[in-house]
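Visitor: Have a look at this one.
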Amino acid sequence: MTKNDTAVFDAMRPDPNGRRQWAGRLGTREAIKRDGLELDPGSIVHCPHEWINAAGYVDLELVRKYPLMFAV
């Protein structure tokens, strides 16, 4: 059985108006920081570590295929 053992966050980027917009990715804290993005701490969810790609981001196709495997 796969466990939801990896914390991931929405990756955010600042827009010209000083607000933040979703960058279209969910990722680990390390990947988001490495790529110069900001994480939304209130967006934390957990997913199986097998869903994390080599870049540290969630494979959104797996989320679409198995949406109930995300845990808040």
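Visitor: Nearest 0.05, what FRET efficiency do E61 and T6 give at R0 = 22 Å with Cβ-Cβ as r?
Guide: Using R0 = 22 Å, I get an efficiency of 0.85.
Visitor: Of the listed values (i) 44, 21, 19; (ii) 36, 22, 16; (iii) 56, 20, 7, identify the label whose number matches Cα extents along the principal axes in Å calculated from this model.
Guide: The listed entry that was calculated here is (i).
Visitor: For T6, enumerate residues with amide H under 5 Å from its amide H, sequence gap 5+ or separate chain, H modeled in the peptide plane.
Guide: Those lying under 5 Å, H to H, from T6 are C47, H49.
Visitor: Tell me, in nm to one decimal, what length is gained between H46 and M69 on full extension, where the rule is 0.36 nm per residue of separation less the Cα-Cα distance?
Guide: This chain segment gains 7.4 nm when fully extended.
Visitor: Expressed as a whole percentage, what fraction of the accessible surface of the chain belongs to carbon and sulfur atoms when a 1.4 Å probe is rolled over the protein heavy atoms?
Guide: Here it works out to 54 percent.
Visitor: From the helices alone, meaning DSSP H stretches of at least four residues, give me the mean residue ellipticity at 222 nm for the chain, per-run term -39500 (n - 2.57), in deg cm²/dmol to the nearest 500.
Guide: The per-residue figure over the chain is -4000 deg cm²/dmol.
The values are calculated or read from the model by the stated rules, or taken from the named source; none is laboratory data. It should be emphasised that the depicted structure is a prediction, and the values quoted were computed from it without experimental measurement. Here Cβ is always computed from backbone atoms with ideal geometry, including for glycine, and neighbour counts include all displayed protein chains. Only protein heavy atoms, including side chains, enter the accessible area calculation; ligands, DNA and RNA are left aside. Shrake-Rupley method; radii C 1.70, N 1.55, O 1.52, S 1.80 Å.
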